[in-house]
Structure formats: structure tokens, C-alpha cells
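Below: the structure, in C-alpha cells.
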Amino acid sequence: MLGDVAVIGLGQFGTQLAVSLAESGVPVLAIDSRMERVESLRASVARVLCLDATDEEALSAARIGDVGVAVCAIGDDVQASILTVALLHQFGVSRVIARAVSELHARILRMVGASEVINPARDIALRLASRLLQPGLVDRVPIAPGYALNEIEAPAWTAGRTLLDLDVRKQFRLSILAVKRVEGGVEKVIANPGGDTAIAQSDILVTLGDDESIRRFLAGR
């Protein structure tokens, strides 16, 4: 169970995160120093506060130490994000996820107590570059250098063939974890598909493997 999550900084990134978590049933505490941002979320998030997250007394009054996860989504004020992360760590929040805008910013955030650091702009750019460089690639989530979880369009040469027939693990050192397809206008996900699963030309395959294996599979060689 995820438990309570605090989202601090309600710009576009923080707002979308807070709303998505709330819609999934996660108890969310959304915080921003600008009242207009706070007011815009009152209908979507159960608990919204207008306060300065660099103010130790204000965070204490908000009982920030009671949350299981805190996400510092502040992206327009580097100093404020660093001070906020330091305070979250001081209040004993067990998991602090912070948004960084540069590598130096990321290093400092880790030094002051961030458990995890993300850089949404960089990550989106890298994923888009991967899609442009590799036709057929829908999405890519790096796991280790040269190794990733990928969503790819089923290559034309696989249409009508079963996973048993394709034997991608042996032929390409690739694992197919799921098959996504649209049936009757509704997306269907076949998780952990069996060998008798036949691939349709419009399928999206969720795969795990190294970059070279993906390239070979998409090319069919």
C-alpha cells in the first residue's frame, strides 16, 4: 500500500501527479505557495494547503512527517527545492522524491536527503530521441545501460504467428511480457502471454531486453 503522498509544487508536473494519484485512490496532500494553484485543485484532491514549503513551522503544522512519500515537484526555484527537500528529510519522511533541472541540482538534492531524483524534461527528451532513432519503438524505460523495458509496434513479419513459433527468447534474447491490442474499441492487455498467443499486426508488444536485441527483432533478423 502506497500510503499518504505529499506533492509539493503545483506546476504542470506536480498538478498532474497529484490529480493522477488522487484519481487512483491514493490519499494526497497537495502543497503550493500560490493560492490560485491551490484553489484549482480543491475539487480534485481531498487535502490542499497553501503554504511556503521552505518554512519549517508551516511544514510542521501540516504534519508533513506523517506522510509515507513526499514528492518535491518545485521546478522554478532551485533554492526552494533544495531547502524543501532538506526539511522533508529533517522531518523524517522515509521516501523523498525530488525533481531536478540539472545534474548539479540533482547531486545537491541527494546530498540534502532526496531518496530519488527525477528530471522529467531530460527523461522525455531521451525517450523521444529513442523513438525517432528507432522506428517501431512506442516507448522506452531504461533499466540499466543498454537495457530497457520497451513498448514496440509488432513488426509486420510477426503478424499471424504465435509466440511459440517466434521463440523470441532464443532467437533474439528478448522477453515479451505483455501484448496490448484493441478489440471492439477497447484496449486489452494480455499479461504474461502464453506460447499459443498469436500476434496481430496492430499489436503493441511490451518487451524486456537489450537495445541490440530490440533492433534485431524489429528488423526480423
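With the helix formula -39500 (n - 2.57) applied to DSSP H stretches of n ≥ 4, the chain reaches a computed 222 nm mean residue ellipticity of -10000 deg cm²/dmol. Near the amide H of Asp203, within less than 5 Å, lie the amide hydrogens of Ala154, all on another chain or at least 5 residues away, with H placed in the peptide plane. In the stretch 128-219, the C-alpha radius of gyration followed by the widest Cα-Cα span (Dmax) gives 12.5, 39 angstrom.
Dividing the convex hull volume of the alpha carbon atoms of the stretch 5-121 by its residue count gives 87 Å³ per residue. Taking θ as phi - 60° and the Karplus parameters 6.51, -1.76 and 1.60, the scalar couplings of the stretch 54-70 work out to 8, 8, 4, 5, 5, 5, 5, 5, 7, 6, 5, x, 7, 7, x, 9, 10 Hz in sequence order, x denoting glycine and proline.
Once you reduce the stretch 140-205 and the stretch 29-44 to the center of their Cα atoms, the two points are 41 Å from each other.
Computed extension gain for Cys50 through Gln79, at 0.36 nm per residue and net of the alpha carbon distance, reaches 8.6 nm.
Treating each Cα of the chain as one equal point scatterer and applying the Debye formula with no solvent, the log10 of I(q)/I(0) at q = 0.10, 0.11, 0.16, 0.18 Å⁻¹ comes out as -0.60, -0.69, -1.01, -1.12. Phi angles across the stretch 139-144 convert, under the Karplus curve 6.51 cos²θ - 1.76 cosθ + 1.60 with θ = phi - 60°, into 3J(HN,Hα) values of 7, 9, 10, x, 10, 8 Hz, Gly and Pro given as x.
Quick note: the coordinates plus some simple rules give every number you see, no bench work behind them. Predicted model, so just to flag it, every value in this text is computed and none were measured.
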